[in-house]
Amino acid sequence: MQLYEIGTIITGNTPSRKIKEYYESNDIMFIKPGDIEEKYITNLKKSEDYISEKARNKVRILPKGTILVTCIGTIGKVGILENEATCNQQINAIIPKDMIVSKYLAYLLKYKQKVLQFKANAPVVPIINKTDFSKIEINICDIEEQKKIVKKLDLTKKIIDIRKKQIEELNIIIKSQFVEMFGTIKENKKKYPIKSLIEVFELIKDGTHSTPVYINDKKNGVKFLSAKDITKGRIDWDNTKYIPIELHEKLVKRIKPQLNDILLAKNGTTGICAKVNKEEVFDIYVSLALLRPNLENCSDYLVQAINNEETKEQFKKSLKGVGVPNLHLGEIKKVKIIVPPLPLQNKFSEIVKQIDKQKFEIEKSLKETQELYESLMEKYFG
């Protein structure tokens with residue numbers, strides 16, 4: 001069975017931006033790819049942009065339960081409407097027939113994302129046209145079985161969301177504890193010293209400026225980290241690339257990362273840092289800066305000080321270049337943070353360690369639930 005047989009397929013459009021009255025009030029959700037997340041199905045209750053009632057006859061109004069799939073740019077993101085809405089031309093909408101449960105179709109199409117990406121035929125901007133999209137082959141089971149599958153997947157996704165929320169709340173506790181203990185640079189009511197990073201770190205240096213040749217031999221290779229490996233204040237050790245040992249022996253002469261160093265993203269998602277929390281042999285790319293604290297300061301404290309909002313604002317003002325944002329080492333060295341006495345830094349570090357223990361258990365549960373979700377998707381749609 002092909003996709004067009006189980007629903008009406010509509011490609012969205014954009015009402016003329018020149019006619020201001022089309023956008024003068026928030027009457028109808030106007031869905032664009034940015035409203036739909038990458039990894040999971042998005043339940044679309046709101047949108048970034050809206051159109052007014054005066055534009056209603058210039059678009060196709062889509063009912064609640066319509067499935068939206070991005071078909072230009074990032075291919076295969078899937079959303080489901082929880083209210084009536086319309087969408088732009090980068091999205092194909094499917095209004096399901098009675099033979100299929102709307103949420104089941106959403107899960108099925110999400111599983112088909114790689115198929116859709118393969119069919120995207122443009123070398124620069126990926127695109128899958130309406131004709132090819134309509135001919136996607138799908139298999140469906142009976143309605144009652146569809147409902148059972150949706151119930152199981154929804155429950156698994158709900159647990160994933162709960163675990164993510166718990167981690168988010170623990171991060172908020174750390175941030176609020178930081179402000180409670182040390183205040184802000186702007187007010188500095190506690191009158192702690194405010195120092196530039198060059199005063200706090202004995203070494204600030206970026207990684208190799210040459211793009212290495214990567215290898216698939218994890219056993220004999222050496223981990224090679226870049227900015228993409230720093231996520232949410234942690235180092236993602238599981239998805240790093242590897243380089244030959246011979247190249248490592250050259251790179252390590254320039255810079256040798258060690259336990260308690262801090263890695264700061266210079267490119268892409270700039271200004272995010274994480275501590276090297278275990279003994280590990282690895283090298284770094286130019287997109288990372290290595291910051292080595294002097295003996296008067298605590299790594300755990302410094303990570304939080306650098307990752308807080310005031311410091312991020314300083315980084316934003318220091319960004320250089322067009323396109324991919326970039327932080328220069330000279331600008332990094334000038335960034336200022338609050339530097340309380342070491343005993344207070346250590347006290348804060350102990351609080352963070354206790355919270356991190358809780359986060360570790362929750363993150364472990366989150367990973368297991370995400371793996372369960374993936375296995376269920378494979379079981380039902382593979």
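Taking only region 105-155 into account, find how many residues are over 20 Å from Tyr373 (Cα atoms), in contact with a Leu (Cβ under 6 Å, 6 or more places away or on another chain) and part of a helix (DSSP H, G or I).
1
Taking only region 184-198 into account, find how many residues are at pLDDT below 95, within 16 Å of Ile306 (Cα to Cα) and either surrounded by 14 or more Cβ atoms within 10 Å (Cβ to Cβ) or in contact with a Gly (Cβ under 9 Å, 6 or more places away or on another chain) (or both).
Adding up the residues that qualify gives 2.
Looking only at region 107-130, which residues are surrounded by fewer than 16 Cβ atoms within 10 Å (Cβ to Cβ) and either under 22 Å from Gly65 (Cα atoms) or basic (Lys, Arg) (or both)?
Lys114, Lys130, listed by residue number.
From Leu302, Leu327, Leu319, grab the single residue that is buried (at least 20 other Cβ atoms within 10 Å of the Cβ), under 25 Å from the mean Cα position of the chain (by Cα) and at pLDDT below 95. Full working, then the answer.
Numbers: Leu302 fails: at pLDDT below 95; Leu319 fails: buried (at least 20 other Cβ atoms within 10 Å of the Cβ).
Step by step, each of Leu302, Leu327, Leu319 is checked, and only Leu327 is buried (at least 20 other Cβ atoms within 10 Å of the Cβ), under 25 Å from the mean Cα position of the chain (by Cα) and at pLDDT below 95.
Can you spot a residue in region 233-243 that is assigned by TED's automatic domain parsing to the domain that holds Ser318 and more than 25 Å from the chain's Cα centre (by Cα)?
Yes, the conditions are met somewhere in region 233-243.
Take the residues in region 348-368 that are in contact (Cβ under 8 Å) with a residue 60 or more places away in the chain and over 15 Å from Glu168 (Cα atoms), then tell me which one is surrounded by the most Cβ atoms within 10 Å (Cβ to Cβ). Reasoning before the result, please.
Within region 348-368, the subset in contact (Cβ under 8 Å) with a residue 60 or more places away in the chain is 348, 351-352, 355, 358-359, 362-363, 365-366.
Checking which are over 15 Å from Glu168 (Cα atoms) leaves us with 348, 351.
Working: Phe348: 22, Ile351: 15.
So the residue we want is Phe348.
Considering only residues of region 199-232 that are surrounded by fewer than 17 Cβ atoms within 10 Å (Cβ to Cβ) and closer than 14 Å to Leu264 by Cα, which is modelled with the lowest pLDDT?
Step by step, filter region 199-232, then rank; the result is Lys232.
Just checking, which of Ile127, Ile198, Ile100, Ile160 is aliphatic (A, V, I, L, M) and in the same structural domain as Gly382 (by TED's automatic domain parsing)?
Ile160
How many residues, within region 230-264, are under 20 Å from Asn171 (Cα atoms), touching a residue at least 40 places away in the same chain (Cβ under 8 Å) and not in a loop (DSSP other than H, G, I, E, B)?
6
Examine region 164-181 for a residue that is in a helix (DSSP H, G or I) and closer than 28 Å to Gly382 by Cα, and state whether such a residue exists.
Yes, region 164-181 has at least one match.
Restricting to region 308-363, give me the number of residues that are in a helix (DSSP H, G or I), in the same structural domain as Thr208 (by TED's automatic domain parsing) and of a type in the set (Val, Ile, Thr).
2
Looking at (1) over 25 Å from the mean Cα position of the chain (by Cα); (2) among the aliphatic types (A, V, I, L, M); (3) closer than 22 Å to Leu225 by Cβ, which is the only condition Val339 fails?
(3)
The values are calculated or read from the model by the stated rules, or taken from the named source; none is laboratory data. Here the structure is a predicted model, which means the values were calculated and not measured. Heads up, the Cβs are rebuilt from the backbone with ideal geometry, glycines too, and the neighbour counts pull from every protein chain shown.
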